[in-house]
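Structure first, then comments.
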Amino acid sequence: MYPRSFKDSNGDGIGDIPGIISKLDYLKELGVDVIWLSPVYQSPNDDNGYDISDYRGIMDDFGTMADWEKLLAEVHGRGMKLIMDLVVNHSSDEHAWFLESRSSKENPYRDYYIWRPSRDGQEPNNWTSIFSGPAWEYDGQTGEYYLHLFSRKQPDLNWENPKVREEIYDMMTWWLDKGIDGFRMDVINMISKTEGLPSAGGDRYAWGGDYFMNGPRVHEFLREMNEKVLSRYDIMTVGETPGVTPDDAARYANADGTELNMVFQFEHMELDSGWGGKWDPCGWKLKDLKATIGRWQTGLHGRAWNSLYLNNHDQPRMVSRFGNDREYRVESAKMLATFLHTLEGTPYIYQGEELGMTNVPFKGIEDCRDVETLNMYRERVTEGGGNHDEVMNAIRIKGRDNARTPMQWSTEANAGFTTGTPWLHVNPNYTEINAEAALADTDSIFHYYRKLIALRKTHPVIVYGSYEIVSEEDERIYAYTRTLGNDRLFVMLNFTGETVSFASPYPLLAGGGGELLIANYPVGEGSETSGLDAELQLRPFEARVYLLK
Ligand code: TEU
Ligand code: CA
């Protein structure tokens with residue numbers, strides 16, 4: 001949940017905690033078990049709360065600590081759980097620690113952050129920031145540079161300093177003692193940097209990820225965090241770990257419970273990035289999706305635990321990216337939901353995904369708010385002389401603002417999100433895509449999600465079954481089985497907008513031994529031959545899930 005865009009209760013155009021409370025019944029009806037709340041701590045909002053200036057205060061825009069306490073009670077009162085976003089790779093440059101740290105080289109907080117003198121009059125190394133430009137900012141007060149892997153207002157904390165680790169563990173304990181049910185941990189695999197912070201490659205600026213992702217002490221730090229804090233509570237933890245492989249993840253999310261419960265990996269989020277990376281969007285291939293999902297499903301089975309997602313506040317809307325947000329929006333949204341809810345792992349639903357919310361036709365850069373997008377535009381177009389239309393096209397396809405337009409509640413002004421002026425424009429298609437319409441339509445994507453979620457609760461094979469691909473070579477149909485003891489699930493997904501004939505390797509229907517659990521089209525008994533070589537005609541973006549006898 002992205003609080004800034006979920007529901008505004010006081011007409012200032014910004015979502016807030018009382019607004020969230022007013023919509024908890026909606027989440028309960030959907031069947032949500034755990035709410036992951038993006039940061040609500042005090043922040044100057046350079047990166048919409050991922051730049052924290054007080055880890056124990058609630059952001060004024062979002063309400064008070066009393067509001068937050070009420071939210072937790074209301075969530076628990078409905079039998080749901082709440083996990084908070086732990087952002088400790090970096091803080092805000094307006095955090096008291098950083099104000100002290102930058103004030104002098106002798107200040108006791110100096111080594112809470114990563115300061116280095118210039119190297120030949122330039123930055124201490126050649127790393128680029130993930131939000132464009134160099135990863136170092138010169139600070140005239142003490143004539144040194146500080147490291148910021150993200151925006152210059154997000155200085156990296158120095159995890160080599162045991163005092164920093166103690167402060168963070170104390171803060172985590174403080175929140176856990178309030179009764180939260182766990183943490184999502186922001187870029188937690190970046191907290192250990194390679195000794196000496198070596199430069200990367202030969203260029204003036206280069207990607208330094210080899211020296212700050214999955215670094216030398218990251219597992220030591222997480223084991224210490226687990227021993228000193230996490231292991232003392234009955235909680236859920238999920239680490240956000242860009243750039244991990246299944247083997248890395250098997251360590252972070254190992255079954256012994258010495259680190260985290262699961263991680264968000266990004267391999268399937270890179271399939272549509274060309275040579276130029278995220279902002280060089282290219283088509284993706286189903287065979288590549290099958291390969292990466294297969295690697296993760298088989299790679300972690302019995303060793304660790306997967307998280308399953310195609311959407312969050314950092315990714316464009318999945319129905320636009322992996323489905324068809326025009327003539328087959330509903331069918332493809334349901335097909336993708338079926339995909340996410342029939343794999344092994346914990347499925348995550350991002351606000352509005354259950355409505356089939358789509359990407360946004362941003363007119364110009366003035367429509368965008370995301371620091372990642374604004375920094376990239378300035379570097380490539382304003383300063384770099386790049387082509388405005390080309391860059392705007394990439395932003396419409398991959399920009400994070402696509403996921404951050406206000407939640408579409410109804411056909412009222414501003415989609416019922418606010419009575420004021422929303423901080424970010426509402427997607428114009430809210431008139432037909434909104435929660436009110438979805439709740440009233442028994443055939444809506446919302447109600448389809450409810451059925452999927454309910455299925456997981458009644459069929460252990462869906463949660464624990466081992467994954468096996470079927471017809472791997474098929475470029476249009478993604479089919480797989482899940483097996484647990486004598487139970488076998490068979491899933492068929494048409495990832496194209498055409499009707500595709502597919503030879504099921506299993507007898508289905510007509511007494512053939514398959515029970516249809518869920519489908520996104522009506523499946524008539526007469527529509528297929530039964531028997532071994534049943535030739536199924538799978539319609540555009542058709543999804544079917546059978547329980548084989
Ligand atoms: O995201 C980390 C991260 O790597 C993403 O920024 C991702 O690489 C990028 O968005 C892809 O384009 C986390 C938070 O989820 C994100 O919202 C924050 O901006 C970032 O960390 C810094 O805290
Ligand atoms: Ca508000």
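Odds and ends about this structure:
- Pairs exceeding a 27 Å alpha-carbon distance, out of Lys228/Lys398; Lys287/Lys549; Lys285/Lys334; Lys7/Lys334; Lys193/Lys285: Lys228/Lys398; Lys287/Lys549; Lys193/Lys285.
- In this calculation the C-beta distance from Glu473 to Glu390 is compared with R0 = 35 Å, giving a FRET efficiency of 0.50.
- Spin-label model distance (nm) - Lys287 vs Tyr464, 7 Å beyond Cα toward Cβ: 3.6 nm
- Whether the stretch 350-436 is rounded, prolate or oblate, judged on the alpha carbon gyration tensor where a/c under 1.5 counts as rounded: prolate
- Residue-wise HN-Hα coupling along the stretch 404-416, computed from phi with Karplus coefficients 6.51, -1.76, 1.60 (Hz; x: Gly, Pro): 10, 5, x, 3, 9, 8, 7, 8, 5, 3, 6, 6, x
- Loop trypsin sites (Lys or Arg not before Pro), the stretch 183-227 (other Cβ atoms within 10 Å of the site Cβ: 14 or fewer; DSSP): Arg204
- Nearest-0.05 FRET efficiency for Ala503 and Glu327, computed from C-beta distance (R0 30 Å): 0.65
- Extension gain for Ala66 to Arg204 (0.36 nm times residue separation, less C-alpha to C-alpha distance): 44.7 nm.
- Using C-alpha pairs below 8 Å separated by at least 6 residues, the relative contact order for the chain is 11 percent.
- Cα gyration tensor, the stretch 1-71 - rounded (a/c under 1.5), prolate or oblate: prolate
- Percent of Cα pairs exceeding the 38 Å cut-off, where the set is the chain: 30 percent
- Derived scalar couplings between HN and Hα for the stretch 293-298 equal 5, x, 4, 6, 5, 7 Hz in order, rounded to whole Hz, by the Karplus curve 6.51 cos²θ - 1.76 cosθ + 1.60 (θ = phi - 60°), x for Gly and Pro.
- Sequence-distant contacts, meaning Cα pairs under 8 Å at least 6 residues apart, place the relative contact order of the stretch 154-252 at 36 percent.
- Sulfur and carbon atoms: percent of accessible area, the chain [1.4 Å]: 49 percent
- Under conditions of 4 °C and 1.567 mPa s, the stretch 270-313 yields 107 µm² s⁻¹ as its translational diffusion coefficient, taking Rh as the Kirkwood radius over Cα pairs in the Stokes-Einstein equation.
- Across the stretch 249-335, the mean sequence separation of Cα contacts (distance under 8 Å, 6 or more residues apart), normalised by length, yields a relative contact order of 26 percent.
- Annotation: Val330 carries an accessible surface of approximately 50 Å², with a 1.4 Å probe and no ligand, DNA or RNA atoms counted.
- Gain upon complete extension [Arg217, Ser231; 0.36 nm per residue less C-alpha separation]: 3.1 nm
- The stretch 13-157 - accessible surface per residue (Å², probe 1.4 Å): 35 Å²
- Extension gain, Lys457 to Glu100: 0.36 nm times the residue separation minus the Cα-Cα distance gives 123.5 nm.
- Note, ³J(HN,Hα) from phi for the stretch 61-68, Karplus 6.51, -1.76, 1.60, rounded to Hz, x at Gly and Pro: 4, 9, x, 10, 5, 5, 4, 5
- DSSP-loop GluC sites (Glu not before Pro) across the stretch 426-507, with at most 14 other Cβ within 10 angstrom: Glu432, Glu472, Glu473, Glu475, Glu498
The values are calculated or read from the model by the stated rules, or taken from the named source; none is laboratory data. These numbers come from a predicted model, not from an experiment. Note: ideal-geometry Cβ built from the backbone for every residue, glycine included; neighbour counts use all protein chains shown. Only protein heavy atoms, including side chains, enter the accessible area calculation; ligands, DNA and RNA are left aside. Shrake-Rupley method; radii C 1.70, N 1.55, O 1.52, S 1.80 Å.
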